[in-house]
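Here's the structure, in structure tokens; my notes come after.
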Amino acid sequence: MVSVLTEWTCGGHVGFILDRKRFTTRAPWRILHCRSPDLLFTRVSTPALSRGSLSSHTMFFLPPSDFLKTELYEMSWNLRDGLRDSLVAAAPYGGPIALLREPHRRSPSSRPQLEIYSASGVDIASFPWKSGPVVQLGWTVSDELLCIQEDGSVLIYDLFGSFKRHFTMGQEVVQTQVLEAKVFHSPYGTGVAIVTGSSRFTLATNIDDLKLRRLPEVPGLQGKPSCWVVLTQDRQTKVLLSNGPELYILDNTSCTAVCPPGFSPQVGNIVQMAVSFSYKYLALFTDTGHLWTGSSHLQDKLSEVDTKKTPTPKHMVWCRRPKSQQPSVVLMWDRLLLVAGVCGDTIQFPLEDPCVLVGELDGVRIISSTNQELLQEVPLVCQDMFKIASMAPGALLLEAHREYEKSSQKADEYLREIKEQSMLGEAVRQCVEAAGHEYDPSTQKSLLRAASFGKCFLTDFSPDQFVTTCRELRVLNGVRENGVGLPLTHTQFKQMTLQVLIDRLVYRQFYPLAIEMCRYLKIPDYQGVSRVLKHWASCKVQQKDLSDDAIARVVCVKVGDSPGVSYSHIAAKAYECGRTELAIKLLDSEARSGEQVPLLLKMKRSQLALSKAVESGDTDLVYTVVSYLKNEMNRGDFFMTLRNQPVALSLYRQFCKLQEQETLKDLYNQDDDHQELANYYVTASYREKRLDSRLSLLQSAIDEYNKAKNEFSAKMTEDEMRLLRFQRKLDDEKGAGLLGLSLQATMEALLSLGLHKQTEQLYRDFRVPDKRYWWLKLMSLAEKEEWEELEKFSKSKKSPIGYLAFVDVCMKSNNKYEAKKYVSKVTPEQKVKAHLAVSDLEGAADAAIERKNDAEMGAILSRCSASDRLLIDRLNRARAAAAKK
Amino acid sequence: MAAHLSYGRVNLNILREAARKELREFLDKCAGSKAIVWDEYLTGPFGLIAQYSLLKEHEVEKMFTLKSGRLPSADVKNIIFFVRPRLELMDIIAENVCSEDKQHSPRDFHILFVPRRSMLCEQRLKEQGVLGSFINIDEYILDLIPYDGDLLSMEYESAFRECYLENDQTSLYHTAKGLMTLQALYGTIPQIYGKGECARHVANMMLRMKREFAGSQNQILPVFDTLLLLDRNVDLLTPVATQLTYEGLIDEIYGINNGYVKLPPEKFAQKKQGEASKDLPTEPKKLQLNSAEELYAEIRDKNFNAVGAALSKKAKIISAAFEERHNAKTVGEIKQFVSQLPHMQAARSSLANHTSVAELIKDITTSEAFFDNLTVEQEFMTGVDTDKVNTYIEDSIAQKDPLIKILRLVCMQSVCNNGLKQKVFDYYKREILQTYGYEHILTLNNLEKSGLLKPQTSSRNNYPTIRKTLKLWMEDANEQNPNDISYVYSGYAPLSIRLTQVLARPGWRSIEEVLKMLPGPHFEERQQLPAGLHKKRQQGENRTTLVFFLGGVTYAEIAALRFLSQMEDSGMEYIIATTKLINGTTWIKSLMDRPESQTP
């Protein structure tokens, strides 16, 4: 904020005049690298603050208001035949101008030329018109050109003359032909209204959401009405038309004859009419030269003026501004411009040249073949400022500052005068506000300087308005410049909003200016610079004269990793233009791999799509591409593709495991993954009900295990097959119910059935370790409480599992008697444990003391109860003795 | 309601509230009365976010479990399926929708995918011809669920299996997404450390996602200073060891699910005089376990051997507090006493509960089987005879002890020996197959693939080096008043936590050699903070590290980290996040494959 203030107050870079050449050539990027403000702004000499010095101003007084006709541009175009015999459409808010020369000449040898210019007359596009005869040109709210043809078709072109699309106003129109058409704007967008050769009206309220409405017939109307307008009222679009002396309102359902209040039939037939920018006011002109003005609801009359001109004016436009003091109507004939105020006064200007009038929110633009003027009611605050001998505080402050610059003491007198009335704040505000309305940078500067001067004498004065105005003016001066050609007033700018202005600049491809503006106004990147870059890049990829590489490079350099710019979006644009290779190059820069995938699939770059999906880490995305590939490719290629993408392959395997077991097998086969293939067969074998098919699957598993050099698994599988056969045999012979049991469980079952021989056989055939076999027999015998057998078994040879196990197992069967038999056979290390197991504390103590083992003695002690006094003492003594040593 | 989430250094309630808000918004999208059809797996995790009351407030009138066939009748306007994006569930949903009575007043269908919608699933619904029947198809991004004041879990059970067995990195994508959500709420984490392939992958995804959202710069002052990503396969040893903290043992023995444990009811029977224990409750006793319970917060992370003392101390304090009533003389004093009464009564019942739980656990920990098992574990951890067939394992197999117990021990031996000698390896496998059945060949194969059980490839066993460098075995672990994390396993200091500890001080550079021995790369990344968000640290202010265990974490490890947070001179506080809370049993179970036998 401070820096802006000083810039203005030091009188440094005032104004905002851009170096023309840089911006008219569409090589947008050069300027971005010029950071110095000096390159963007040229110095303006200190202005002489006098209206008279600017010859292009015409001030006039139409009671009670001042009007000002300012020259906006000397038109850059060079029109040989002026605006004669041309269809002209100029969009409001300083929009572009479209010109179609001699639209009615139909000889194919000389096609009419369609030309598009900026508001300042800079050539944007030009091409011969090859389609049918055009009735009307018009601009949409998004700066697209509508060309309404006689046959009812509407062709839409962009600002640069590229055809975008077309629609038709109804099939029947081809026969009846369009007599007249109008393009209108409403809160719903841009609409088109036509009247056909059969005197019927058709409306489309929003061309982007086309719904044609054929309006009811107008009684007695032959051919086209004498004049008509489209009104948008109460969320309804209507047509107001006159047919001789009658005035009708035509809406969706009915046609109503109306009579404006205070409109006497004697004044003649209505031949021209105009609605104000806001659709609030209506002006009617009769063939007797009377001008009636009133509200468009036809409920109030504002005035009636006799212009004393009977010819029908070529154009009639409202000239007013929000909070207007003196709404007025501008009428134009071939050589005359007439401004009629509601108070009955009129002012006339001669015209040298045919002109076009463009109604604006706060005035009228008058475009001739040589120059363009803005006719405005001077805002109240400016009137106060510049009225001769004005005593408004702002005017005094301006005077004070002027004296101050002359180092005159009068400065103090003026200031004193303002301060005595405590109006200094108001004075500053007036200066700032007036500056906003001024079109001339030097006047703006003087006013702002005066404001800044006045501010010095104020405490607690918010600088916000001042700073904002400074910034906005700088922006406005920039876009008003001839090369850009957006002659926006401050009021229009406020209405339009900054966002829209940036969009318009972007649409006109003034990228560097837009970016500078975003940066200057410190708009967050998301809404500002990034948005501009996105548009720039989308436009850049369409440049046919550059190679893919060059474009990709320049886009990546400029866009870099600006937040919110989606490379996939730009790439999609490139793809739309048929530049697949460029699209792929651009996609490489897309940070969000996921975003790249859909476009790549669309472009049939499925391999790349797959690797991008893998890169993104989003497995669902990988699955999506995989399932896409599966449908697109033949199986062999599909598998090969997967093979190069291990992540995708494993995901697909997962999918198959759940959904397509058969495919899983093929996958393993293809990869020669014998181990997994074997596992697959093992799994599959369990799904088989019949033993022989189960065995054959297991055999396949063995083969694969062997191929995988997994001898162990192959051997185990062989064993399993052997076991299964054995089980089946015994099941058949003895009904033992063994099939599917583990080897151990089988032996257990056999033992409990008393089939000792078969158990032995398994023990030998499967090389069961002695230890486990002993455990098995031990537990089995104990369970069956065959204690004698057990004792015999224990003596059959030296137990590989020792004898503590015998003690434990007997105790588990609650047979202390049997358990005790084995205590003596236990190894010395386990003696204590064995004694404790049979609750023989004395025995345990003997063993522990003998072994002088402290931990064991401790363990025994923890089992002792108070009644074991003697034992405890003995153990404690032994521990103490052991500890001594 | 979930106040305990906001007690910690990092207010995890923000995360829960964000999740609740999103849930409410979705429910309100479906105007009118609703019934929810649940993917059963989701009910547990959802319970931590929203109780039934919240759902009820938003007109949820009925709840069903997703199963094939017809939907139960319910007079509601909306049927909402809450499901994980799984194809098999889509088939069930399609069946449900198709069998809906067309004549009956039509009900609106909606799907809420948790944690993410999936094109694959939508495609499946389309193939089944029901996609058009759904008014809303939405996703409920529930990656990290706040479990406790310092604990987040994704409850993604199959994460380890998917990552290490199946090369399916879906869980890692969710992890990265979850961490992004976390950073959106708690600020960008400036430092990222990691060890392991998965950690690397997650970090890469996070960095890329950050670039993708480069525009929306996070303006939140970072709460976390460091993120440490650890692959579970960096430390395969810790989970197979038996946890010896109170909470760890509860989980080992009874299993904690979504913060609840079910216990045998006998010990909790209300013992009233005159009423003999004639009708013992048969329903298991369900206890909620989190730091909202003061006593539990105090004892959960203690070594079980120290729990008894803590409980009796607490008992004394409580009875002393009740004795106070005799001293309350004035009306004011009595009033004050009464006002404290609810709190004291809650404390007393909490004490009673935990005394019972501790008794239950003590019965097991004092058993010889438990002792023998632990002895073998500790032998392995200290490197005793890890290269031979272990008699205890042999005997256990012969006595048909539970297979998972055997697998835990064998895996532990393999890890502690950097792989088993081929002969030993084959012997164990054969023993297991012959005893427990041939079908376990698939499970053994899985364990081999994940590195838990493997033959020795190089003659060099580097486990002893790792053990010595990282001081994984502490002879003099103090269980009562611990001074080192090794107390959580009564001697063994979890490797994962040692890595965390060393990272904080003196830094990983001091253990480069060991890091190289562990699988996967180790790395460090920095994330740029927007200017102005650099923390100005107060003197003595602790740093906060988020430790993310990819593939699961045990309660004992959490206890060890909490211990480190509490150590006065550590200067570091830890928040723990994981794909799943695991213990050796659930972990091994997730790696098992059991073909369904069709044999008649």
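The values are calculated or read from the model by the stated rules, or taken from the named source; none is laboratory data. All figures in this text were calculated on a predicted structure; none of them were measured in a lab. As a convention, Cβ positions derive from the backbone with ideal geometry for all residues, glycine included, and neighbour counts pool all protein chains shown. Calculation scope for accessible area: heavy atoms of the full protein, side chains included, ligands and nucleic acids excluded. Shrake-Rupley method; radii C 1.70, N 1.55, O 1.52, S 1.80 Å.
Residues to consider are A:Glu360, A:Glu377, A:Glu352; find the one that is surrounded by 21 or more Cβ atoms within 10 Å (Cβ to Cβ) and within 30 Å of A:Asp85 (Cβ to Cβ).
Numbers: A:Glu377 fails: within 30 Å of A:Asp85 (Cβ to Cβ); A:Glu352 fails: surrounded by 21 or more Cβ atoms within 10 Å (Cβ to Cβ).
When all the criteria are applied, what remains is A:Glu360.
Of all residues being within 21 Å of A:Glu788 (Cβ to Cβ) and aliphatic (A, V, I, L, M) in region A:805-833, which is nearest to the other protein chains (Cβ to nearest Cβ)? Just the residue, please. Don't jump to the end; show me each part of the working.
Residues of region A:805-833 that are within 21 Å of A:Glu788 (Cβ to Cβ), as a first pass: A:805-826.
From what's left, aliphatic (A, V, I, L, M): A:805, A:807, A:809, A:811, A:819, A:823, A:826.
Numbers: A:Ala805: 7, A:Val807: 13, A:Val809: 9, A:Met811: 11, A:Ala819: 15, A:Val823: 17, A:Val826: 15 Å.
This residue is A:Ala805.
Give all pairs with beta carbons closer than 9 Å in which a residue from region B:468-484 that is on the phi > 0 side of the Ramachandran plot meets a residue that is part of a loop (DSSP other than H, G, I, E, B) and surrounded by 14 or more Cβ atoms within 10 Å (Cβ to Cβ); count only pairs at least 6 apart in sequence or on separate chains.
Close Cβ pairs satisfying both conditions: B:Lys471/B:Asp484; B:Lys471/B:Ala493.
Considering only region B:102-151, give the strands (runs of 3 or more DSSP E) lying wholly within it that have at least 3 residues that are over 32 Å from the mean Cα position of the chain (by Cα), among the β-branched types (Val, Ile, Thr) and within 13 Å of chain A (Cβ to nearest Cβ).
On the way: elements: B:108-113, B:134-139, B:145-148.
So the answer is none; nothing clears 3.
Name the single residue, out of those in region B:324-342 being open to solvent by less than 90 Å² (accessible area, probe 1.4 Å) and not hydrophobic (A, V, I, L, M, F, W, C), that is farthest from B:Glu293 (Cα to Cα).
Selected residue: B:Thr330.
Just to be sure before I move on: is B:Leu221 touching a residue at least 60 places away in the same chain (Cβ under 8 Å), more than 14 Å from every other protein chain (Cβ to nearest Cβ) and open to solvent by 10 Å² or more (accessible area, probe 1.4 Å) in the structure I sent? Give the steps one after another, and end with the answer.
Values: touching a residue at least 60 places away in the same chain (Cβ under 8 Å): yes; more than 14 Å from every other protein chain (Cβ to nearest Cβ): yes; open to solvent by 10 Å² or more (accessible area, probe 1.4 Å): yes.
Yes: the conditions hold for B:Leu221.
If the Cβ limit is 6 Å and pairs must be 6+ apart or interchain, which residue in region B:199-210 that is more than 9 Å from every other protein chain (Cβ to nearest Cβ) and open to solvent by 40 Å² or more (accessible area, probe 1.4 Å) pairs with which residue that is in a helix (DSSP H, G or I) and modelled with pLDDT of 90 or more?
Cβ pairs passing all conditions: none.
Being within 9 Å of chain B (Cβ to nearest Cβ), open to solvent by 20 Å² or more (accessible area, probe 1.4 Å), under 22 Å from A:Lys657 (Cβ atoms) and in a helix (DSSP H, G or I) is the filter here; which residues of region A:682-734 pass it?
Those that are within 9 Å of chain B (Cβ to nearest Cβ), open to solvent by 20 Å² or more (accessible area, probe 1.4 Å), under 22 Å from A:Lys657 (Cβ atoms) and in a helix (DSSP H, G or I): A:Thr683, A:Arg687.
Within region A:433-444, does at least one residue satisfy the condition of being touching a Phe, Trp or Tyr at 6+ places or on another chain (Cβ under 8 Å), of a type outside the set (A, V, I, L, M, F, W, C) and buried (at least 21 other Cβ atoms within 10 Å of the Cβ)?
no
Does B:Glu573 satisfy the condition of being open to solvent by 40 Å² or more (accessible area, probe 1.4 Å) and within 23 Å of the chain's Cα centre (by Cα)? Walk me through how you get there before you give the answer.
Numbers: open to solvent by 40 Å² or more (accessible area, probe 1.4 Å): yes; within 23 Å of the chain's Cα centre (by Cα): yes.
So B:Glu573 fits the description; yes.
Condition first: more than 28 Å from the chain's Cα centre (by Cα) and more than 7 Å from chain A (Cβ to nearest Cβ). Now tell me which residues in region B:406-428 satisfy that.
Within region B:406-428, the subset more than 28 Å from the chain's Cα centre (by Cα) is B:420-428.
B:Leu420, B:Lys421, B:Gln422, B:Lys423, B:Val424, B:Phe425, B:Tyr427, B:Tyr428 - these are the residues of region B:406-428 that are more than 28 Å from the chain's Cα centre (by Cα) and more than 7 Å from chain A (Cβ to nearest Cβ).
Quick check: is even one residue across region B:179-189 within 11 Å of chain A (Cβ to nearest Cβ) and surrounded by 20 or more Cβ atoms within 10 Å (Cβ to Cβ)? Step through it out loud before you land on a result.
Applying the first criterion (within 11 Å of chain A (Cβ to nearest Cβ)) to region B:179-189 yields none.
Checked against the condition, which is being within 11 Å of chain A (Cβ to nearest Cβ) and surrounded by 20 or more Cβ atoms within 10 Å (Cβ to Cβ), region B:179-189 yields no hits at all.
Considering region A:805-850 alone, what residues qualify as being among the polar types (S, T, N, Q), on the phi < 0 side of the Ramachandran plot and without any contact (Cβ under 8 Å) to a residue 24 or more places away in the chain? Please lay out each step first, then the result.
To start, the set of residues in region A:805-850 that are among the polar types (S, T, N, Q) comprises A:813-815, A:824, A:827, A:830, A:839.
After this cut, where a residue has to be on the phi < 0 side of the Ramachandran plot as well, the list is A:813, A:815, A:824, A:827, A:830.
Within region A:805-850, A:Ser824 is the sole residue that qualifies.
Working carefully through the options A:Val647, A:Val622, find the one that is within 14 Å of chain B (Cβ to nearest Cβ) and either out of contact with any Leu (no Cβ under 9 Å at 6 or more places or on another chain) or of a type in the set (Ser, Thr, Tyr) (or both).
On the way: A:Val622 fails: either out of contact with any Leu (no Cβ under 9 Å at 6 or more places or on another chain) or of a type in the set (Ser, Thr, Tyr) (or both).
Matching residue, one of A:Val647, A:Val622: A:Val647.
Among the residues in region B:434-441, are any in the same structural domain as B:Thr382 (by the TED database), within 27 Å of B:Asp231 (Cα to Cα) and either in contact (Cβ under 8 Å) with a residue 24 or more places away in the chain or not acidic (Asp, Glu) (or both)? Full working, then the answer.
Here is the first cut: in region B:434-441, the residues in the same structural domain as B:Thr382 (by the TED database) are B:434-441.
Add one more test, that the residue is within 27 Å of B:Asp231 (Cα to Cα), and what stays is B:440-441.
Applying the additional criterion that residues be either in contact (Cβ under 8 Å) with a residue 24 or more places away in the chain or not acidic (Asp, Glu) (or both) yields B:440-441.
Yes, region B:434-441 has at least one match.
Does A:Arg449 meet the test of being in a helix (DSSP H, G or I), under 40 Å from the mean Cα position of the chain (by Cα), crowded, with 17+ Cβ neighbours inside 10 Å and in contact (Cβ under 8 Å) with a residue 40 or more places away in the chain? If you could, list the steps in order and put the result at the bottom.
On the way: in a helix (DSSP H, G or I): yes; under 40 Å from the mean Cα position of the chain (by Cα): no; crowded, with 17+ Cβ neighbours inside 10 Å: yes; in contact (Cβ under 8 Å) with a residue 40 or more places away in the chain: yes.
No; evaluated as a whole, the condition is false for this residue.
Among the residues in region B:470-482, are any buried (at least 22 other Cβ atoms within 10 Å of the Cβ), more than 14 Å from chain A (Cβ to nearest Cβ) and closer than 29 Å to B:Asp251 by Cα? Break it down into steps so the answer makes sense when it comes.
We begin by selecting, within region B:470-482, every residue buried (at least 22 other Cβ atoms within 10 Å of the Cβ); these are B:472.
From the residues that got through so far, the ones that are more than 14 Å from chain A (Cβ to nearest Cβ) too are B:472.
Filter once more, so that each one left must be closer than 29 Å to B:Asp251 by Cα: B:472.
Yes, region B:470-482 contains a residue that is buried (at least 22 other Cβ atoms within 10 Å of the Cβ), more than 14 Å from chain A (Cβ to nearest Cβ) and closer than 29 Å to B:Asp251 by Cα.
Mind checking which pairs have a first residue in region B:353-365 that is under 8 Å from B:Phe304 (Cβ atoms) and a second that is open to solvent by less than 30 Å² (accessible area, probe 1.4 Å) and modelled with pLDDT of 95 or more, Cβ under 6 Å, 6 or more apart or different chains?
Once the first residue is under 8 Å from B:Phe304 (Cβ atoms) and sits in region B:353-365, its partners that are open to solvent by less than 30 Å² (accessible area, probe 1.4 Å) and modelled with pLDDT of 95 or more give B:Ile361/B:Leu249.
Here is a list: A:Gln659, A:Gln607. Which entry is open to solvent by 40 Å² or more (accessible area, probe 1.4 Å), at negative phi and more than 14 Å from chain B (Cβ to nearest Cβ)?
Numbers: A:Gln659 fails: more than 14 Å from chain B (Cβ to nearest Cβ).
Unique residue meeting the criteria: A:Gln607.
Taking A:Val428 as the residue in question, decide whether it is among the hydrophobic types (A, V, I, L, M, F, W, C), closer than 21 Å to A:Ala400 by Cα, touching a residue at least 12 places away in the same chain (Cβ under 8 Å) and in a helix (DSSP H, G or I).
Details: among the hydrophobic types (A, V, I, L, M, F, W, C): yes; closer than 21 Å to A:Ala400 by Cα: yes; touching a residue at least 12 places away in the same chain (Cβ under 8 Å): yes; in a helix (DSSP H, G or I): yes.
Yes; evaluated as a whole, the condition is true for this residue.
Residue check: is A:Ile270 of a type in the set (A, V, I, L, M, F, W, C), open to solvent by less than 20 Å² (accessible area, probe 1.4 Å) and in contact with a Ser or Thr (Cβ under 6 Å, 6 or more places away or on another chain)?
Values: of a type in the set (A, V, I, L, M, F, W, C): yes; open to solvent by less than 20 Å² (accessible area, probe 1.4 Å): yes; in contact with a Ser or Thr (Cβ under 6 Å, 6 or more places away or on another chain): yes.
Criteria met by A:Ile270.
Among (1) closer than 27 Å to A:Val622 by Cα; (2) within 14 Å of chain B (Cβ to nearest Cβ); (3) of a type in the set (Asp, Glu); (4) open to solvent by 60 Å² or more (accessible area, probe 1.4 Å), which single condition is A:Asp525 missing?
(1)
In region B:376-400, which residue that is in a helix (DSSP H, G or I), open to solvent by less than 40 Å² (accessible area, probe 1.4 Å) and β-branched (Val, Ile, Thr) is farthest from the other protein chains (Cβ to nearest Cβ)?
B:Val376
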